[in-house]
1. Enter the angle in degrees (range 0 to 90, nearest 10) between the Cα long axis of helix 249-258 and the first principal axis of the Cα atoms of the chain, meaning the one along which they spread out most.
2. Using Cα springs under 10 Å in a Gaussian network model of the chain, which residue among 140, 39, 79 shows the largest mean-square fluctuation?
3. Report, in degrees rounded to the nearest 10, the 0 to 90 angle that the Cα long axis of helix 230-239 makes with the longest principal axis of the chain.
4. Could the peptides 111-119, 61-69, 268-276 be put in order, highest first, of the mean number of other beta-carbon atoms found within 10 Å of their residues?
5. Over what distance in Å are the Cα centres of region 93-153 and region 174-248 separated?
6. Can you list, largest first and rounded to whole Å, the semi-axes you get for region 19-94 by taking the square root of 5 times each eigenvalue of its Cα gyration tensor?
7. Please list the equivalent ellipsoid semi-axes of region 99-277, computed as the square roots of five times the alpha-carbon gyration tensor eigenvalues, in descending order and whole angstrom.
8. Would you calculate the volume per residue, in Å³, of the smallest convex hull containing every Cα atom of region 1-137?
């Protein structure tokens, strides 16, 4: 549950006169879009989440912005800075204009829609994932809201859970899974059995497929009640099977392949790109 009042940007992060727009305020994260002389930037503030009836306490959310900032610096993204503030950590990074994949494909989910999702838009998302993998990193938290697509391409955002290189120990934390709707069976199984997991390129590909599936159909890749606990959600993913892929054509066949319960049977992100490029 979000705090009643969003946290303001600390004065030492950006100049106090900088114009800002609140973008997100929930579960340990407050995000602002700010306009600067160098263009638009995102400012992320992390803080701990207190326990409630529906959520366990979470300390890692306070560290997530600085960890993401460190990952972005590893990837040589310009204009990234990070640091600490009263309640946790922060980062500043370039703002990416565009629509989430889910929003982009909303017209195709509407009743009576006469068009199918554009494979070139799916290709743009797959290329963003493949580029990250080529750089030696896995994302660990791919979901439609992290695939920001515009006419010039897709930006894969929110890399706080990414793995692939060394991040400062003071900002690091164990990977405990991601938004469960996009977890692969092996990730869900590991989290259920040990409390942690290790994201891989194969689990990223599964999450990409689940993201394409829900964006095209409005359905989660595995059926479970909306009020199911996270444990029950993960158990449903482990038990399977996933819902039938009702997306037609080559795009549907690719989604089916990415949702294989066996990691080694899934295509690589580059292979997904190659298949989509041939549509």
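1. The two axes meet at around 70 degrees.
2. The residue that fluctuates most here is 39.
3. 30
4. Working: 111-119: 11.6, 61-69: 24.2, 268-276: 19.4.
The most tightly packed comes first, giving 61-69, 268-276, 111-119.
5. About 18 Å separates the Cα centre of region 93-153 from the one of region 174-248.
6. Details: eigenvalues 113, 44, 15 Å².
Values for region 19-94, descending: 24, 15, 9 Å.
7. Values: eigenvalues 119, 80, 43 Å².
Over the Cα atoms of region 99-277, the ellipsoid semi-axes are 24, 20, 15 Å.
8. 161
No lab work stands behind these numbers, since they all come straight from the coordinates. Note that the structure is a prediction, hence the values are computed from the model and not measured. Glycine gets a Cβ as well: all are built from the backbone with ideal geometry, and neighbour counts include every protein chain shown.
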